[in-house]
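Q: Quick one: this structure, given as structure tokens, is what I'll be asking you about.
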Amino acid sequence: MRGFYLLVLLLVFAPLVKGGNRPIPLLILELAALAIAGYLVANPQKLSRIPKLYIAVVAGIFLLPLIHLVPLPSSLWATLPGHAVYAQALADIGVNLNGSARAASIDPSLTEYSWLAVLPPIMVFLFTLNVPREQLKTAVMVFLGMAAFQAILGLMQYGAGPDSLLQINDSPHKAYALGTYTNRDHLAGFLEMALPLSLAMLSVSVGHTHSVRRHTRNLRQRLAFLTSAYLNQTAVYASISIAILLGLIFTHSRTGNALAMLVIFLSTVMFSTRIGGRNVYGVIGTFAAITLMLAVEVGMAPVLNRFIEQDPLQDGRWMIFNSTIKAIGEFFPLGSGVGTFNQVFPRFQDFSFNGAFVNRAHNDYLEWLMEGGIFAAVLIVIFLSLYVGRWTKVIKRGEWRTFNFMQIGAGIGLLAMILHTFVDFNLHIPANQIYFAFLAALFFYQSDNESDAHPLQSNPDVKKVSRLDALPVQEEKKSYVVKSTNPFAD
């Protein structure tokens with residue numbers, strides 16, 4: 001249970017101080033990750049339940065920076081791809097490399113920093129895979145609560161204007177929704193991961209409400225229904241979904257808004273025929289969900305066009321991509337060292353960026369390939385293969401439980417970030433790394449004793465009352481579900 005509190009701490013604290021992208025908040029996240037690691041080491045049976053392939057991928061991510069920290073003889077170091085220029089520069093300033101050993105990384109201190117920074121998402125992933133399902137649902141509520149908080153704060157920032165004290169803006173002349181992040185695209189990245197999960201919970205809660213309402217006959221039961229947990233739950237999820245969507249819109253992130261439209265479309269495709277787990281509203285419910293989706297998509301299209309201030313092909317990112325590809329070719333297959341992009345890139349920087357400091361490739365895949373070489377490429381391919389393959393097991397026929405909705409929502413959220421990171425560096429922001437790892441664990445989560453029962457039917461806390469007082473004698477044996485004390489049960 002203590003480990004679960006550490007997970008909640010990470011989910012809550014991660015974005016609060018500039019997305020965790022500063023030394024002190026990152027140190028706190030790393031210390032919490034070490035505490036979780038200690039918990040897992042003290043309970044080795046938990047790690048034994050995780051599929052070996054998942055462990056191998058996580059181990060590869062953890063060990064990659066260490067590979068670049070292995071000391072090499074200076075003569076061998078100078079012959080590594082891309083290192084000759086640095087060996088010559090050291091010789092020009094009088095540094096004698098004979099007989100010394102150097103780490104393979106161009107800048108070992110940055111590689112060590114990056115190695116420690118990867119601990120929080122790794123520990124979140126491993127621990128979440130072992131969290132009991134009921135606690136995992138609580139963690140999902142914490143995740144959605146943080147998304148709603150960030151979205152509402154972002155809307156307040158936008159409404160207050162660029163000169164407000166709330167506005168920690170990347171442009172002094174415009175107001176954006178930023179939340180506690182320093183970049184609007186990073187808030188958009190978080191919200192686009194959360195939106196499909198909130199839509200998933202909304203879809204299943206609406207179905208629960210319907211299951212209660214269709215057996216509600218007399219005035220007393222109707223009044224009880226109006227104050228039931230299910231109805232309140234539906235209103236909460238609807239409010240969270242609307243807040244997240246509005247927060248995404250007012251980040252003015254082109255990619256974020258485009259992915260929001262994709263997320264809404266995919267969520268509708270997945271959930272419109274599964275409302276309540278068994279499509280309790282039938283064809284009418286599916287038609288209504290699709291109509292609502294089309295209305296939202298049509299409404300967002302002009303909003304997205306309004307935020308496009310320049311031709312995307314003229315964006316400076318494309319020149320950065322081109323220069324990064326050149327660097328990949330020079331350092332391939334070993335890479336320059338994890339975390340060394342901002343030290344290496346100036347040598348390849350386009351002249352049009354003269355005087356500017358480019359700290360990221362704005363494409364995480366290219367940056368990983370430049371720094372990690374073929375090892376990073378293998379890890380990327382394995383993860384994407386596992387992700388695609390997992391869909392065949394997550395999407396099931398027949399009736400869906402609450403947990404199925406959660407996993408589908410997590411999978412769509414992962415897809416949004418997988419696509420977004422082609423044009424940004426969201427997965428270099430500690431908070432978004434942690435949230436991505438949490439969704440990945442939810443998506444890959446496996447249970448040995450999963451039941452196929454409906455969420456309401458399998459809930460041991462469901463209470464039934466006899467209709468003896470309200471129905472004719474011949475119907476006195478019928479009973480109806482009127483209340484569940486555990487709205488998240490499967």
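The values are calculated or read from the model by the stated rules, or taken from the named source; none is laboratory data. All of these numbers come straight from a predicted model, not from anything done at the bench. Methodologically, a virtual Cβ is constructed for each residue, glycine included, from the backbone with ideal geometry; neighbour enumeration extends over all protein chains shown.
Q: So, in region 361-382, exactly how many residues are touching a residue at least 60 places away in the same chain (Cβ under 8 Å), farther than 16 Å from ILE67 by Cβ and surrounded by fewer than 18 Cβ atoms within 10 Å (Cβ to Cβ)?
A: Number satisfying all stated conditions: 1.
Q: Within region 329-342, can you find the residues that are under 28 Å from the mean Cα position of the chain (by Cα), within 16 Å of ALA104 (Cβ to Cβ) and in a helix (DSSP H, G or I)?
A: PHE341
Q: Right, next: Any residue at all in region 141-162 that is closer than 26 Å to HIS252 by Cα, modelled with pLDDT under 90, crowded, with 18+ Cβ neighbours inside 10 Å and not β-branched (Val, Ile, Thr)?
A: yes
Q: If a residue has to be farther than 15 Å from TYR181 by Cβ and surrounded by fewer than 20 Cβ atoms within 10 Å (Cβ to Cβ) to count, how many in region 13-36 make the cut?
A: Count: 8.
Q: So if I check each of ALA431, ALA437, ALA441, ALA410, which one is touching a Ser or Thr at 6+ places or on another chain (Cβ under 6 Å), buried (at least 21 other Cβ atoms within 10 Å of the Cβ), at pLDDT 95 or above and not in a loop (DSSP other than H, G, I, E, B)?
A: Among ALA431, ALA437, ALA441, ALA410, only ALA441 is touching a Ser or Thr at 6+ places or on another chain (Cβ under 6 Å), buried (at least 21 other Cβ atoms within 10 Å of the Cβ), at pLDDT 95 or above and not in a loop (DSSP other than H, G, I, E, B).
Q: How many residues are small (Gly, Ala, Ser) and closer than 28 Å to VAL378 by Cβ when one looks only at region 76-116? Full working, then the answer.
A: Going through region 76-116, the residues small (Gly, Ala, Ser) turn out to be 78, 82, 84, 87, 89, 91, 94, 99-101, 103-105, 109, 114.
Narrowing further to those that are closer than 28 Å to VAL378 by Cβ: 78, 82, 84, 87, 101, 103-105, 109, 114.
Final tally of qualifying residues: 10.
Q: Within region 381-393, is even one residue in contact with a Phe, Trp or Tyr (Cβ under 8 Å, 6 or more places away or on another chain) and part of a loop (DSSP other than H, G, I, E, B)?
A: Quick first cut of region 381-393, residues in contact with a Phe, Trp or Tyr (Cβ under 8 Å, 6 or more places away or on another chain) only: 386-387, 390.
Those still in the list that are part of a loop (DSSP other than H, G, I, E, B) too: none.
No - not one qualifying residue is present in region 381-393.
Okay, residues lined up against (1) at pLDDT 90 or above; (2) surrounded by 22 or more Cβ atoms within 10 Å (Cβ to Cβ):
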| position | (1), (2) |
| --- | --- |
| ALA188 | yes, yes |
| ALA200 | yes, yes |
| ARG220 | no, no |
| ASN232 | no, no |
| SER241 | yes, yes |
| LEU262 | yes, no |
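Q: Please pick out the residue among LEU34, LEU97, LEU76 that is within 23 Å of the chain's Cα centre (by Cα) and not aromatic (Phe, Trp, Tyr).
A: LEU34
Q: Follow-up question, since we're still on this one. In the list GLY159, GLY99, which residue meets the criterion of being more than 30 Å from ALA431 (Cα to Cα) and free of Cβ contacts under 8 Å to residues at least 40 places away in the same chain?
A: Of GLY159, GLY99, the one residue that is more than 30 Å from ALA431 (Cα to Cα) and free of Cβ contacts under 8 Å to residues at least 40 places away in the same chain is GLY99.
Q: For the list (1) in a helix (DSSP H, G or I); (2) of a type outside the set (Gly, Ala, Ser); (3) at pLDDT 95 or above, I need the number of the one condition that LEU9 fails.
A: Only one criterion is unmet by LEU9, namely (3).
Q: I'm trying to understand the selection: among the residues of region 240-256, which are in a helix (DSSP H, G or I), in contact (Cβ under 8 Å) with a residue 60 or more places away in the chain and among the polar types (S, T, N, Q)?
A: THR255
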